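First the structure, in the form of structure tokens, and then the observations on it.
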Amino acid sequence: MKLVKHLLLISALSISSIAAAAHSHYVGADAHWHSNSIRKLAKDFQPRHLHGGNVHTGVRFDNFWGIEAGTHLTRAKKNGSTSRVRGIHLGLVGVLPMVKEGVLDFIVGVGAAHIKHASNQPFYKLDVSRVVPRVMAGLEYKLCSSLKLRTALTYEGGMSLRRKAHIPRGRYGATVGLIYGL
């Protein structure tokens, strides 16, 4: 965890120093839905899906690429057990304009996420924390000059960036939210 905090601090400082040369800055908030990667361990007590929110910020260096960082929290309850996933992510975002004037853009993101999955069951507790690959693909629709609607599909995990660590099956999900250009 200490390494992740240091990497995020270095990344934040790097992003802020590069931001002066950036084409645009933005912040966003999404409703977030994710599959439950540990459901296989106890189907009677594990919810199938987790719901929550995602907050992110980023810089675009031109109309075609940028860097984005964010955090998410998802949770659910079932049969007396709770499952909660917290995460932070950092990655490159590619943008492909599909319509003139940036009205509709196709976006793709590749990066890494630090995920902490905590689950309290009637018969055991689980606390898993890993750094995993993260990919994202979606669409952004321009509502007005500084506001966009984003919808995206995400995938986190499957195999870890660190040796001897994995989160079972990975997590797939979907987000829908707004992005405000600063």
| message | Suppose we filter region 23-72 for residues that are modelled with pLDDT under 70 and over 25 Å from Val128 (Cα atoms); how many remain? | response | 0
| message | Against the definition (under 15 Å from Arg171 (Cα atoms), of a type in the set (Ser, Thr, Tyr) and out of contact with any Leu (no Cβ under 7 Å at 6 or more places or on another chain)), how does Ser129 come out, yes or no? | response | yes
| remark: Of the residues in region 99-114 that are not acidic (Asp, Glu) and not in a strand (DSSP E or B), the one that is nearest to Trp65 (Cα to Cα) is Gly102
| Looking at this structure, is Leu96 loosely packed, with under 15 Cβ neighbours inside 10 Å, at pLDDT 75 or above, farther than 16 Å from Ala69 by Cα and out of contact with any Cys (no Cβ under 6 Å at 6 or more places or on another chain)? | yes
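The values are calculated or read from the model by the stated rules, or taken from the named source; none is laboratory data. Predicted model, so just to flag it, every value in this text is computed and none were measured. Cβ sites come from the backbone with ideal geometry, for glycine too, and all protein chains shown count toward neighbours.
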